[in-house]
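Student: The structure is given below, and queries will be raised subsequently.
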Amino acid sequence: MDLARFVVDAVVLEGRSYRDVAGAHGVSKSWVAKLVARFKDGGYDAIAPLSKAAKTVANRSSVELEDRIVRIRKELSDQGFDAGAATIHYHLSVTDPSPPSTSTIWRILKRRGFITPQPHKRPKSSYVRFEASLPNETWQSDVTVFELADGTKVEIVNFLDDFSRVCVASKVVAVTSAPDVVATLYEAGRAWGLPASLLTDNGCIYTAAYRHGYSAMESELFHLGIDYKHSRPYHPQTCGKVERFHQTEKKFLRKQPPARTIAELQAQIDRFVDYYNHVRPHRAKNRKTPKSAFDSRDKARPIKREGTFTRELRVRHDRVDAHGVVTIRYKSKLHHIGMGRALKGTRIILLVAGRHIRIITTDGGLLRDFELDPSQDYQPQSMG
């Protein structure tokens, strides 16, 4: 969620004052006023972030010097000599008492396409870093494994706020089940407020997409109005913040006396979470504690939806046949829906949400609204 758009909506749609919105988000009143003015002149496009790149670079080398460096590079390469930046620097120094530095020559060659960096490690600058703009805009969740004193493996379910890094929940269970993560979500929601979206990996306790169904978590998220997002398979970097939290948490736990029971381990975790949220400065938040970062801005909220959640959501355009019937396939079985001979040849739209089917005309008139009976091949008009 873009902060600029959120601020504009708070003023324009909600009618809040510039001072109120500025104070809630830790920004200046004049910046809020500028955003609203730009929005009124050009809409949402006018408040999109502008490039901060400099129009001109005062210390950039002249085009003539860059061309000379390239020419020397080509001449040396054509003759089979070393044509690296240090060699070019030497040749320039023969005639120029103040040649550009070796690093400047290297950057010029790179900019002109003669050098392709090949680092031994992927540089941090190559990552596309994501961070939510508001607290509760996105939570990340994942499960990690830890051992009790006797070697028994248990699992820790963690929920982390993407913007502030607040740990909203960290619960120990013997083996994590779908009801466990749902219960932990509700517990965290009571304490911190529910998020607008949730990001997880593809674990079966979170999603059943690969089984062409839906999980308890997905169903709850839908009815709560929480958007659900998951990482692509074998790409833990997408949930990197909660993955990193696992490491910090387990580093603390390994320094504690080995817990003999789940209750003892939970007590240690509760102590760590309290310290992590309220005392420990976080590098990613300019050395503020996660709790203070969480309290620094207004909170995002879920968007309530109507209807029933199902993965089988379809929109199909069709025409009623000569017998006044239209067909639909449900779980590989063909069913016939009675529409009446008076409607033969009528173009229709079928809105399918699992077994719930609504049939409308192309201009929006409702013809039928009923629940499909999978046990019957023919769905008579008397059904709805």
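The values are calculated or read from the model by the stated rules, or taken from the named source; none is laboratory data. Note that the coordinates shown come from a computational prediction; the quantities given were computed from them, not determined experimentally. Note that each Cβ is placed from the backbone with ideal geometry, even for glycine, and that neighbours are counted across all protein chains shown.
Student: Filter the range 326-349 down to the residues that are in a strand (DSSP E or B) and more than 18 Å from residue 369 (Cα to Cα) and list them by number.
Tutor: 333, 334
Student: Can you find even one residue in the range 242-263 that is modelled with pLDDT of 95 or more, exposed (fewer than 14 other Cβ atoms within 10 Å of the Cβ) and in a helix (DSSP H, G or I)?
Tutor: yes
Yes or no, residue by residue, for (1) modelled with pLDDT of 80 or more; (2) surrounded by 14 or more Cβ atoms within 10 Å (Cβ to Cβ); (3) more than 21 Å from residue 134 (Cβ to Cβ); (4) touching a helix residue (DSSP H, G or I) at 6+ places or on another chain (Cβ under 9 Å):
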{"residue": "21", "(1), (2), (3), (4)": "yes, yes, no, yes"}
{"residue": "25", "(1), (2), (3), (4)": "yes, yes, no, yes"}
{"residue": "28", "(1), (2), (3), (4)": "yes, no, no, yes"}
{"residue": "32", "(1), (2), (3), (4)": "yes, yes, no, yes"}
{"residue": "44", "(1), (2), (3), (4)": "yes, no, no, yes"}
{"residue": "52", "(1), (2), (3), (4)": "no, no, yes, no"}
{"residue": "70", "(1), (2), (3), (4)": "yes, yes, yes, yes"}
{"residue": "80", "(1), (2), (3), (4)": "no, no, yes, no"}
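Student: Can you tell me which residue is nearest to residue 138 (Cα to Cα) among those in the range 178-196 that are surrounded by fewer than 20 Cβ atoms within 10 Å (Cβ to Cβ) and in contact with a helix residue (DSSP H, G or I) (Cβ under 9 Å, 6 or more places away or on another chain)?
Tutor: It comes out as 189.
Student: Additional query: For the range 91-143, how many residues are β-branched (Val, Ile, Thr), at pLDDT 80 or above and not in a helix (DSSP H, G or I)?
Tutor: Residues meeting the conditions: 2.
Student: Just to be sure before I move on: is residue 9 surrounded by 14 or more Cβ atoms within 10 Å (Cβ to Cβ) and free of Cβ contacts under 8 Å to residues at least 24 places away in the same chain in the structure I sent?
Tutor: When the stated conditions are applied, residue 9 passes them.
Student: Out of everything in the range 326-353 that is under 15 Å from residue 379 (Cβ atoms) and charged (D, E, K, R), what residue ends up being nearest to the chain's Cα centre (by Cα)?
Tutor: 331
Student: Taking the range 350-384 only, how many residues are in contact with a Ser or Thr (Cβ under 7 Å, 6 or more places away or on another chain) and either of a type in the set (Lys, Arg) or in a loop (DSSP other than H, G, I, E, B) (or both)?
Tutor: Number of matching residues: 1.
Student: Residues of the range 264-314 being under 25 Å from residue 224 (Cβ atoms), modelled with pLDDT under 80 and loosely packed, with under 15 Cβ neighbours inside 10 Å, which ones?
Tutor: Matches in the range 264-314: 304, 305, 306, 307, 308, 311, 312, 313, 314.
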